[in-house]
Amino acid sequence: MGSRPDARDQGRGNPTSGQSARMASVAAQSPTRPVRFVKAQQQPVSSRLADTRVQLGHACLGQHLAIQQLLLSVFHYPTLDTFLEWIEAPGYRPENRIVAMHGMRLVGHVHVVLQQWHWAGGVVPVAHLAGVATAAPYRGQGIGTLLVQHALAKAQEEKAWVAVVHAAHPEFFLRRGWLAVPGKQGWRLTPRDLLAQLPQPSQASGWTIRPWRQLELEGLHRLYEQTSRFCPGAAVRTLEFWQWL
């Protein structure tokens, strides 16, 4: 089982005060059939595993290569270069990754990516559960379930009000009490691919479509903030995050 790894949109802001701190969980299916799941309360973390030799804990810097190899085996992504870019993101902490170990072998993983979302005129703290994965020989033993439970406990510890996961296998979450909510999905494109899909404006229009330049960074950040605050679910992105991105 697994959910797509994604280290984008990790920018963090300050949560809006005066709102309920009740925990909700959200999962989104693949882009072909966008579905989300929500549940209102977190269940107590269980320690039951079919193989008692499997232990869960927070990741450390020395486990990054093993994590990348596990994600690559499950999702065929990310490459090592891409993964190294992810761990350079502002605010990244290896301990926000939860791993399952069988002896010295890393057999399960989930990354709790802390975000802030614009919502209802305010900002909501969100935990994105990225890269929920179990190595093929260890599936069906309850490792995935326990990883998600620990991730939700971590989300509550970090004061997140919403937990989100993009799931390749939504039935895994449905069976565990997550409620489906329709929603739009995004796709990852390179600037070249995106430009190839856009119609080119005529010279008379005065418009030009091109990749942005580094000197335009502050203007891009300002434009995103002006528009994203009216888009429920849009992630808060700091200037530091844009510089990394």
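Being hydrophobic (A, V, I, L, M, F, W, C), surrounded by 10 or more Cβ atoms within 10 Å (Cβ to Cβ) and at negative phi: is that true of LEU198 here?
Taking the combined requirement at face value, the residue does not satisfy it.
So if I check each of GLY233, GLY177, GLY183, which one is in contact with a Pro (Cβ under 9 Å, 6 or more places away or on another chain), modelled with pLDDT under 85 and more than 22 Å from LEU56 (Cα to Cα)?
GLY183
Could you list, in sequence order, the residues of the stretch 69-106 that are surrounded by 17 or more Cβ atoms within 10 Å (Cβ to Cβ), among the small types (Gly, Ala, Ser) and at pLDDT 95 or above?
Matches in the stretch 69-106: ALA100 only.
I'd like the full set of residues that are surrounded by 23 or more Cβ atoms within 10 Å (Cβ to Cβ) and of a type in the set (Val, Ile, Thr), limited to the stretch 113-171.
VAL113, VAL126, VAL132, THR134, ILE143, VAL148, VAL164, VAL165
Mind checking which residues of the stretch 204-232 are touching a Lys or Arg at 6+ places or on another chain (Cβ under 9 Å) and outside any helix (DSSP H, G or I)?
PRO211
What strands (runs of 3 or more DSSP E), lying completely within the stretch 75-137, carry at least 2 residues that are farther than 14 Å from HIS58 by Cα and in contact with a Lys or Arg (Cβ under 8 Å, 6 or more places away or on another chain)?
Strands (runs of 3 or more DSSP E) meeting the threshold: 105-119, 122-134.
Every residue in the stretch 31-65 that is modelled with pLDDT of 70 or more, buried (at least 17 other Cβ atoms within 10 Å of the Cβ) and not in a loop (DSSP other than H, G, I, E, B), please.
Matches in the stretch 31-65: VAL54, LEU56, GLN63, HIS64.
The values are calculated or read from the model by the stated rules, or taken from the named source; none is laboratory data. For clarity, every value in this text was computed on a predicted model and none was experimentally measured. So basically every Cβ, Gly included, is an ideal-geometry build from the backbone, and we count neighbours across all protein chains shown.
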